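Notes for the one structure printed next.
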Amino acid sequence: MSGEAPHSDLERRPDEPAPESDAVKLAETEALYGVSPEAVARARRAVGEGNLEQIEKLVDELHPADFADLLQELTPDERRFVIKVCRHILEPETLNYLDEAVREEVIGLMSPVEVAQAVSELETDDAVDILEDLDENEKQRVLRAIPAADRAVIEQGLTYPEDSAGRLMQRDLVAVPQHWTVGEAIDYLRANEDLPDDFYDLFVVDPMHKPVGAVPLSRAMRNKRAVKLEALMHTEFRAVKATMDQESVAYLFRQYGLMSAPVVDEAGRLLGVITVDDVVHVIEEEAEEDLLGIVGVSETDFHAPPLETAWRRVRWLVVTLCNSAIASTVISQFEATIEQIVALAILMPIVAAMGGNAGVQVITVMVRALATRDLQPRGSNIWRVVGKEIAVAAINAAVFALIMGTFASIFFGIPIGLVLAAAMIFNMIWAGIAGTVIPLTLARFKIDPAIGAGPFLTTTTDVFGFFSFLGLATLFLL
């Protein structure tokens, strides 16, 4: 390794290329995916001019995912115009990439026959995902327009519980008998026109159609035609029950690095397959749900109408209002103390805010750990995690109590500074305890901690913060 220092920009040789700026790198990265601002501007200009040919040309150039992004960038009126113009060239995959609220709007602009035609061309898991969000009457109209063979498969998928492996699986797969050779499997693949677009494994089944092994496609291709699949197959594959929760499926793929997994019924017969691209969507969906649930919003809020979004958020705000009322009740019990020492009214929000924010940090970590199964409600590592979070809370409490206690002592006197410091220590340590115990307790009672933990934590840290600060002031300052 050379001992020379790297060239600076000023010392760069004439033939040495200039390093790319962060802005250039970001622009090149963004060009790899998504719809460009220029394309959106062209679409809006074409809509404004009523240029149907230009709109069709633009849509034809876009990947279905990028067309979905374009539709979501447009206003509802612009979106309606584009769909009316391009409904005959709309790629079915576009529906699968749309946000739920926008997809509902787009489907509302299409006839049941058009929706049925699009759904029929999708993989079964994507078709089920689209139909499950429709209201019952519209769903039935679309199903009646789907060819009987495809309808039966989709209807069976809709019978499984929501967010289950049965809803997530696709029925198109490659299943072969265990006595076949590699050559027979290859001939079957070449002759069969009804194969899935993408697949990773050949599932080997017994006469009862129960999976007994899986042969990665790459492994089959590297072996001679005479080799039996039975000699190549992995027998330690992970079969997924159709009723398994999709979050558990995602954990299974993450834990064992799977590319695909067979889905079986209660009798162990092969029903379908879940592939890694479906699981990536589940991981994203579950992560969004946990993150947004902590603050009481939905992933569809971004594209939903204002009235609908407001109604969804009202429930969380009502809980917040109740929490505030409880905290106000606690404050009212110390009205005489606040009247005599006005500085308490200035300082007491600091105690509650620091405890609340410290608690939210802990809750976020705990919710993630529970979601990724790093932590179980009855796991052996619970007390180690709780102890660590209490220790972290105590360290942070000591640091901020020293800082704020010093400032309060300078401006309001040492006694008030000491009371503020003590209250901050009590409340931030309590936030560490509550931030671990509340999510674990909710998870133990089968309540989603991402949704329920926030309100409980806010109530406890506000009440405890005000009570400890005002209580200590009453005891030691009056």
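The values are calculated or read from the model by the stated rules, or taken from the named source; none is laboratory data. Because the structure is predicted, anything quoted here is derived from the model rather than measured. Please note: Cβ atoms are built from the backbone with ideal geometry, for glycine as well, and neighbour counts cover all protein chains shown. For accessibility, only protein heavy atoms count, side chains too; no ligands or nucleic acids. Shrake-Rupley method; radii C 1.70, N 1.55, O 1.52, S 1.80 Å.
Return one whole number: the accessible area per residue of region 62-163 in Å², for a 1.4 Å probe.
Per residue, region 62-163 has an accessible area of 46 Å².
What are the ³J(HN,Hα) values, in whole Hz, obtained from phi via the Karplus relation 6.51 cos²θ - 1.76 cosθ + 1.60 with θ = phi - 60°, for each residue of region 87-97 in sequence order, with x given for Gly and Pro?
These are the phi-based 3J(HN,Hα) values: 4, 6, 10, 5, 6, x, 4, 4, 4, 6, 8 Hz.
Note down the accessible area of LYS84, probe 1.4 Å, to the nearest 10 Å².
130 Å²
Once neighbouring chains are kept in place and the probe is 1.4 Å, which whole percent of the accessible area of the chain is contributed by carbon and sulfur?
Working: 15540 of 26500 Å².
Answer for the chain: carbon and sulfur cover 59 percent of the accessible area.
Expressed as a whole percent, how much of the Cα-Cα distance distribution for the chain exceeds 37 Å?
On the way: 58497 of 114003 pairs.
Here the tail beyond 37 Å accounts for 51 percent of pairs.
Give the lysines whose C-alpha is closer than 28 Å to that of LYS210, dropping any in the same chain fewer than 8 places away, or say none.
LYS224, LYS228, LYS241
Taking 0.36 nm per intervening residue step and subtracting the Cα-Cα distance, what contour gain separates LYS210 from GLU61 on full extension?
Gain on extension, LYS210 to GLU61, equals 49.2 nm.
Can you pull the accessible area of ASP135 for me, 1.4 Å probe, Å² to the nearest 10?
Looks like 90 Å² after rounding.
Taking only complete DSSP H runs, can you tell me which helices of the chain stretch 20 Å or more along their own long axis by Cα positions and average at least -1.0 on the Kyte-Doolittle scale?
Both cut-offs are met by 276-294, 306-332, 343-371, 382-412, 414-444, 449-477.
Of the listed peptides 415-428, 356-369, 224-237, 111-124, what is their order by residue-averaged count of other C-beta atoms within 10 Å, with the highest listed first?
Averaged packing, sorted descending, gives the order 415-428, 356-369, 111-124, 224-237.
If you roll a 1.4 Å probe over the heavy atoms of the protein chains, what accessible area per residue do you get for region 398-478, in Å²?
47 Å²
Could you give the length gained by full extension between PHE445 and VAL330, i.e. 0.36 nm per residue of separation minus their alpha carbon distance, to one decimal place?
38.5 nm
Taking amide hydrogens as modeled 1.01 Å from N in the peptide plane, which residues meet the under 5 Å criterion relative to VAL205, leaving out close sequence neighbours?
Long-range HN contacts for VAL205: VAL176, GLN178, VAL212.
I need the peptides 247-256, 94-103 ranked by packing, meaning the mean over residues of other C-beta atoms within 10 angstrom, with the highest value on top. The partial results should precede the final answer.
Working: 247-256: 17.4, 94-103: 20.3.
Ranked by mean Cβ neighbours within 10 Å, highest first: 94-103, 247-256.
Residues of region 247-286 with the amide nitrogen closer than 17 Å to a label point 7 Å from the Cα of ALA152, along Cα-to-Cβ, please.
Residues 270-272 qualify, since their backbone N sits under 17 Å from the label point.
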